[in-house]
1. Could I have the simple spin-label model distance between residue B:44 and residue B:71, label points 7 Å from Cα toward Cβ, reported in nm to one decimal?
2. Of A:4, A:21, which has the most accessible area with a 1.4 Å probe, and how do the rest follow in descending order?
3. Over the alpha-carbon set of the protein assembly as shown, work out the extent along each principal axis and list the three values in angstrom, largest first.
4. What does the charge add up to near residue B:65, with Lys and Arg as +1, Asp and Glu as -1, over the other residues with Cβ less than 10 Å from its Cβ?
5. If the rule is a partner Cβ under 4.7 Å, which cysteines in the protein assembly as shown fail it?
6. Report the Cα centroid-to-centroid distance between the range B:72-87 and the range A:10-87 in angstrom, as an integer.
7. Which trypsin sites (Lys or Arg not before Pro) in the range B:19-92 pass both tests, a DSSP loop state and at most 12 other beta-carbon atoms within 10 Å?
8. Which of the residue pairs A:22/B:62; B:44/B:78; A:101/B:71; A:58/A:101 have a Cα-Cα distance greater than 28 Å in the structure shown?
Amino acid sequence: AQSVAQPEDQVNVAEGNPLTVKCTYSVSGNPYLFWYVQYPNRGLQFLLKYITGDNLVKGSYGFEAEFNKSQTSFHLKKPSALVSDSALYFCAVRDGGATNKLIFGTGTLLAVQP
Amino acid sequence: EAGVAQSPRYKIIEKRQSVAFWCNPISGHATLYWYQQILGQGPKLLIQFQNNGVVDDSQLPKDRFSAERLKGVDSTLKIQPAKLEDSAVYLCASSLGGERTEAFFGQGTRLTVV
């Protein structure tokens, strides 16, 4: 069965510093990986996805993510954090199987201090 | 492009009452999802439709929850009777379909069962 893990409940970073939010996955077939962001009282917003090809994927708001097949990871990164990046971040995975279920991790709260 | 529409935004009911949520996906999106998000947790997939057929409902509590997607467009999710532990945000999402496509989310319905 497919699964995705976000090992950190919260990540704290100072404004201007680089940030990393971690995600690891488990699938039986080819992984299709996604990052979403959720602001308070809002739905989830799509940030970026990895389907195939270049392991470094660029997305919205200056975010990028690095796919690492050997480590089964898909970490979200940003070179310079903003206070406005503070939100809840979710990693998700589709297993390229019969149902294409989209399964989410437990989320990581990113807190960027001024 | 209009987004995923959900209503109502908020609902408060007493336990053992029934409630229904409505979702209108993005036009042309074949896949529709209902997720349950309990405070502090990641979204949990309840049911996934492909057009008007169910492709996965393995985590839907079928003794009290039901969902339908008539004509492959709008969808309703019903809870009858509600329990205290059903208090959560119910998120609807849609995607074009296929394993490579991202899902787009509505703002959700916050249900409080008292």
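The values are calculated or read from the model by the stated rules, or taken from the named source; none is laboratory data. Because the structure is a prediction, the values reported are computed rather than measured. Glycine also receives a Cβ, built like all others from the backbone with ideal geometry; neighbour counts cover every protein chain displayed. Ligands, DNA and RNA are stripped out before the accessible areas are found, and what is left, the full protein with its side chains, is counted by its heavy atoms. Shrake-Rupley method; radii C 1.70, N 1.55, O 1.52, S 1.80 Å.
1. It works out to 3.3 nm between the two label points.
2. Ranking A:4, A:21 by accessible area, largest first, yields A:4, A:21.
3. That works out to 49, 38, 34 Å along the principal axes.
4. 0
5. So far as the 4.7 Å Cβ criterion goes, no cysteine stands without a partner in the protein assembly as shown.
6. With the range B:72-87 and the range A:10-87 each reduced to a Cα centre, they are spaced 31 Å.
7. Filter output for the range B:19-92: B:62, B:83.
8. A:22/B:62
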